[in-house]
1. When N counts the residues of the chain, how does its alpha-carbon radius of gyration compare numerically with 2.2 N^0.38 Å, as a ratio?
2. Compare Val123, Val337, Val298 in a GNM of the chain, Cα atoms joined below 10 Å, and give the one with the largest fluctuation.
3. Using just the helices of the chain, give the 222 nm mean residue ellipticity in deg cm²/dmol: DSSP H runs with n ≥ 4 each add -39,500 (n - 2.57), and the total is spread over all residues, rounded to 500.
4. Scan the chain and note any complete DSSP helix (H) whose C-alpha atoms cover at least 15 Å along its axis and whose Kyte-Doolittle average is -0.5 or more.
5. Pairs Lys132/Lys232; Lys220/Lys249; Lys169/Lys274; Lys168/Lys203; Lys190/Lys249; Lys81/Lys274: which are spaced more than 32 Å apart, C-alpha to C-alpha?
6. Can you compute the modelled spin-label distance between Phe85 and Glu393, with each label point 7 Å from Cα toward Cβ, in nm?
7. What list of ³J(HN,Hα) values in whole Hz, one per residue of segment 19-28 in order, does the Karplus curve 6.51 cos²θ - 1.76 cosθ + 1.60 (θ = phi - 60°) give from phi, with Gly and Pro shown as x?
8. Give, as a single signed number, the net charge of other residues whose beta carbon lies under 13 Å from the beta carbon of Pro373, with Lys and Arg counted +1 and Asp and Glu -1.
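Derivation of every value follows stated rules applied to the coordinates shown; laboratory data play no part. Values in this document were obtained by computation on a predicted structure and should not be read as measured data. Neighbour counts run over all protein chains shown; Cβ positions are idealised from the backbone, glycine included.
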Amino acid sequence: MIGRIYLDNAATTGTDTEVLNEMLPYFMESFGNPSSIYSFSRDNRIALERSRGQVARAINAEPAEIYFTGGGTESDNWALKGAAFARRGSRGHIITTMIEHHAILHSAEFLAGMGYDVTYLPVDEEGRIDLKELEGAFREDTFLVSVMFANNEIGTIQPVSEIGRLCKKRNVLFHTDAVQAVGHIPIDVKAMHIDMLSLSAHKFHGPKGVGALFIRRGVKIENFIHGGGQEKGRRASTENVPGIVGLGKALEISIQRIGTESARQSMLRDRLIKGILETIPYARLNGPGEDGRLPNNVNFSFIGVEGETLILDLDEAGISASTGSACSSGSLDPSHVLLAIGLDHAHSHGSLRMTLGTCTSENDIDYVLDTLPAIISRRREMSPLWEDFLRNEKKVTI
Ligand code: PLP
């Protein structure tokens, strides 16, 4: 084994040293409250605005359109609830998809409980929505479409520009949860007609617990956290200055290396996918092939293997990865994303997600390819499900 191999970068990433160094002075040296008017706080105010500029530049927005939040979940909650509450009592209709992160799905469910109507668009077997289906779902009272930029489990990238164009034509707000996409693939909120966009620092080597919501100038959404005048009074609370500084720096670095990193990670991703398909029988790739997939995402189902067990076996071999099955979070429900792309329960329970990062090397990929096939075959040998599966396969082929 060659040290720990971390392949769960969609769950979170380590903070870059350069990012940490940029944050450190704001803990003990320049710790003033940015709202204070004395000169000691000036550095903090400047740092906040520098970060706002860095985030804006990364997605082609204006600095005044960036609002700092406590992470991706908060940004998603604000976008949905803020758009709904701005209607001041008149309910209405929201369109989203069946494969969103729970930050969106549970916010939508909450609003449905308050009387808003929600349509959950289905997706095809690769996880993509059908634009015709979106067009057919619009109603007179549709006020918001929320479709994720890229899926956190299977890496599917949605046709965001086309969705933006359809929403613009109908004067409907378009929000995208871009938590897995920002810093990994190019985004231009103007060209893509995006009205609101959620992002989170810890997905691109920034610190945890800090994110941002882009709100296009002119978009009417309700303020989210009531209190002081921070973030123009729309998201009150003393700013997390070190975190915000880290967010800006991490995004600046990610954007500088986005071309080389996405090419490098795509190459490693494809090598891993090819290697698994060649060495493990009945391995099912979840999500799209090379096109339209996040550069860092690999997701497979292995019939006859429990996702949870596989994660523990890999852990023992020094590899950190994750499973789409939600067992690890205390529930036995299979992943809603894998069910939505048409997998049966057996395949959904045997899924493995490996997400690459800036630290992933060719040696790491080789080690996984050397290790994984033996783990899968050992688990399958012990599995009654696998025996049944093989028996049925034989019946079909005879
Ligand atoms: N949206 C997506 C697509 C995510 O993958 C995640 C985190 O995994 C979130 C939202 C939540 O972000 P945070 O952990 O910053 O609250």
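1. 1.03
2. Judging by the Gaussian network model, the answer is Val123.
3. Values: 14 runs with 165 residues, N = 398.
My calculation for the chain gives -13000 deg cm²/dmol from helical runs alone.
4. TM-like helix candidates: 72-85, 102-113, 241-256, 258-279.
5. Lys132/Lys232; Lys169/Lys274; Lys81/Lys274
6. Distance between the two pseudo-spin positions: 5.4 nm.
7. 5, 4, 4, 5, 7, 3, x, 7, 8, 10
8. Neighbourhood net charge equals -2.
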